[in-house]
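**Q** Got a structure here, written out as structure tokens. Questions coming.
The numbers here are math on the coordinates, done by the rules we state, and not lab data. Model, not experiment: these values are computed from the prediction. Cβ atoms come from the backbone with ideal geometry, glycine included; neighbour counts cover every protein chain shown.
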């Protein structure tokens with residue numbers, strides 16, 4: 001994932017000292033993901049195309065056993081058997097007036113679907129970034145360039 005910014009991750013609250021990045025695992029992708037599942041709470045994978053179906057099943061079972069979250073970060077790489085799928089839809093910038101002002105936040109719709117407890121599709125609006133630079137729920141009143149945001153983490 002060459003576009004991952006360690007600085008952006010740090011600004012979002014990720015402890016980068018505990019964020020392993022494996023830039024080019026090559027043929028060892030299955031072994032690398034397997035090892036990361038053993039030691040990490042969240043593992044993001046770009047390029048499932050490098051994993052064989054039996055490796056995907058093995059890693060998925062291991063992640064469920066250990067309580068690790070596996071994420072496929074590219075839309076074309078859907079994780080087979082995923083319990084939850086999140087997608088961003090739409091999106092518009094807030095804060096600009098008629099040719100003037102400052103960008104305050106980007107409001108997007110987050111759509112969730114899946115199986116089991118996530119079988120009923122749901123959606124909500126979120127601010128990326130919200131006040132303080134983190135993701136925030138968008139309960140927003142916009143008017144004449146002003147914003148009032150109420151939601152988790154917005155105190």
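**Q** Simple spin-label model, 7 Å along Cα-to-Cβ: residue 74 to residue 18 in nm?
**A** 2.9 nm
**Q** Among 127, 134, rank each residue by its count of other Cβ atoms within 10 Å, from fewest to most, as a rough exposure measure.
**A** Listed from fewest to most nearby Cβ atoms, that is 134, 127.
**Q** Name the residues of segment 8-25 whose amide N is less than 17 Å from a point 7 angstrom out from the Cα of residue 66 along the C-beta direction?
**A** 18-22
**Q** How much length would be gained if the chain were fully extended between residue 54 and residue 83, taking 0.36 nm per residue of separation minus their Cα-Cα distance, in nm to one decimal?
**A** Extending this stretch completely gives an extra 8.6 nm.
**Q** A follow-up question, please. Suppose R0 equals 30 Å; then what is the FRET efficiency for residue 92 and residue 41 from their Cβ-Cβ distance, rounded to the nearest 0.05?
**A** 0.40
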